[in-house]
Structure formats: structure tokens, C-alpha cells
């Protein structure tokens, strides 16, 4: 019985220690952000590395997701004689929900893992320790530019995903299924609110950008400096980021659209 209580206490203490270390790193990132943003060339490099190199997978995924949404929406709305509203259904599904969420999941798998592996390899090669010995803050020089690069890239990638998805829906509905293009666009323009729908989608993508990028940096910065440690940290990045995005999506949707 005492052994069980001791194990539970040890697990709780480790959990609290991990949360404390995460909070300290997050505040250190915020404190280092002004100086990192003053050297915006570093942020621009990370924005290119994280954002531009993710455009292909984001664009292709958005095209197919929008096409599937259009097909499913047309089949569902046919029963109620509202096929013209499929453009509105596609747009709302993308800008409210699927655009930010699917982009964040893809970003975690493509850019988040690369961030974790890069930081982990720098730690394993003692490059971060060498920076500290030369009085260079690795949080300011290495982590903060990557943090802001991911934060800026996420809303832009989500916007690309939604725009390409809407075009994919148009390609399926108008040329393939024969829906009137004027009705397709007019229903969409009349039903999508810029602030309530698009604005809330942007807020979601910003929150997801902070979450996914920070988890990736934290796992790389705190991993064991061994090949096995870097591999395990990369796996944790995908798992924790995916779970965090889905949980935050539920909470944000409840606050934004249900109240």
C-alpha cells in the first residue's frame, strides 16, 4: 500500500515538475521575443523553412478535403432540395473547423517533428551548451525565432488550406455535378460572416500555432541527448500536438460558436 502511494506521489511530483519547466520555458520565450523580433531575418528564415516548405502538403490536402466535402455535401443536401447551398456548407466547414484543425495536424507532422529533431540534435551535439559557454542565450538565438516563425506560418497555411479547399469544392460541384456557379458563390458570400466565421478561424489557427510550435520546441529542448531520446521526443511531439489541437478545438468551438 505504501509502495502504491509512493509511486503515485512520485508520478504527481514529476508531472508538476514537467509543467513547471514548461511554464518557465514559455515565459523565457516571451521574454526573449522582443530581441528575437528585432533580428527579423532569423524569423524570416524560419518562416520560409516552416511555412513555404509546407505549402505543397497543405495545398494538396486542402484540394482533396474540399472536394470530398463538396461531394458529401451535395449528396446530403439533395434530399432537402438545397444543392445550391453546398458552397456555403463547404466554406463554413473549412474556415470554421477543418482549415485550422487539419492544417495544425499536418503542421505538427511535417514542421513540428523537424523542429524537435533539429533542436534535439543540437542538444545531443552540445551546440546549445557551447552557446551558453559563449554567453549566447540559446532560447533567444535558437528557440524564439522558430517559435515566431511557426506562429506566423500557421494562420497563413490555414488560409491557403481553406482557399484551395473552396476551389476544390467548386471544381467538383460546378463542372462535375452541374450546380449553378452563381448560386454556389452567392450562397457562400451571403452566409459566411467575416468576423464570426473567418475571424474565429484565424484565432483558432493562432492558438494552434502557439501550441504546436511550443510543444515541438519543448520536446526538442528537454529531450535526452541520445539518438533514442531524440526519436522519442519526435514521437511525443506528434502525439501531444495532435491531442492538444483536438482538445483546444473543442474548447474554442464551444466558446466561439455555441455561446
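The values are calculated or read from the model by the stated rules, or taken from the named source; none is laboratory data. It should be emphasised that the depicted structure is a prediction, and the values quoted were computed from it without experimental measurement. FYI the Cβ positions are ideal-geometry reconstructions off the backbone, even for glycines, and counts take in every protein chain you see.
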Check your understanding: Has region 9-26 got any residue that is surrounded by 14 or more Cβ atoms within 10 Å (Cβ to Cβ), closer than 30 Å to residue 163 by Cα and within 21 Å of the chain's Cα centre (by Cα)?
Key -> no
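Please find, among 220, 229, the residue that is within 19 Å of residue 33 (Cβ to Cβ), assigned to a helix (DSSP H, G or I) and modelled with pLDDT under 90.
Working: 229 fails: within 19 Å of residue 33 (Cβ to Cβ).
Unique residue meeting the criteria: 220.
Listed here are the residues, each with its yes/no results for (1) surrounded by fewer than 17 Cβ atoms within 10 Å (Cβ to Cβ); (2) assigned to a helix (DSSP H, G or I); (3) in contact with a helix residue (DSSP H, G or I) (Cβ under 8 Å, 6 or more places away or on another chain); (4) free of Cβ contacts under 8 Å to residues at least 40 places away in the same chain.
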{"residue": "136", "(1), (2), (3), (4)": "yes, no, no, yes"}
{"residue": "156", "(1), (2), (3), (4)": "no, yes, no, no"}
{"residue": "185", "(1), (2), (3), (4)": "yes, yes, yes, no"}
{"residue": "199", "(1), (2), (3), (4)": "yes, yes, no, yes"}
{"residue": "205", "(1), (2), (3), (4)": "no, yes, yes, no"}
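Test residue 218 against the stated conditions and say whether it is without any contact (Cβ under 8 Å) to a residue 40 or more places away in the chain and crowded, with 16+ Cβ neighbours inside 10 Å. Don't jump to the end; show me each part of the working.
Values: without any contact (Cβ under 8 Å) to a residue 40 or more places away in the chain: no; crowded, with 16+ Cβ neighbours inside 10 Å: yes.
No, not satisfied.
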Check your understanding: Any chance region 43-52 includes a residue that's touching a helix residue (DSSP H, G or I) at 6+ places or on another chain (Cβ under 6 Å) and surrounded by fewer than 18 Cβ atoms within 10 Å (Cβ to Cβ)?
Key -> no
Point to revise | Qualifying residue in region 18-29 (condition: within 30 Å of residue 196 (Cα to Cα) and touching a helix residue (DSSP H, G or I) at 6+ places or on another chain (Cβ under 9 Å)) | key: yes
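Among the residues of region 130-153, is any within 27 Å of residue 173 (Cβ to Cβ) and modelled with pLDDT of 90 or more? Working first, answer last.
Step one: of region 130-153, the residues within 27 Å of residue 173 (Cβ to Cβ) are none.
No; the residues of region 130-153 include none that is within 27 Å of residue 173 (Cβ to Cβ) and modelled with pLDDT of 90 or more.
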Point to revise | Filtered residues of region 160-183 (kept if more than 25 Å from residue 56 (Cα to Cα) and in contact (Cβ under 8 Å) with a residue 12 or more places away in the chain) | key: 177, 179, 180, 183
Exercise for review: Look at region 111-129 and say how many of its residues are surrounded by fewer than 16 Cβ atoms within 10 Å (Cβ to Cβ) and either assigned to a helix (DSSP H, G or I) or at pLDDT 85 or above (or both).
Suggested key: 3
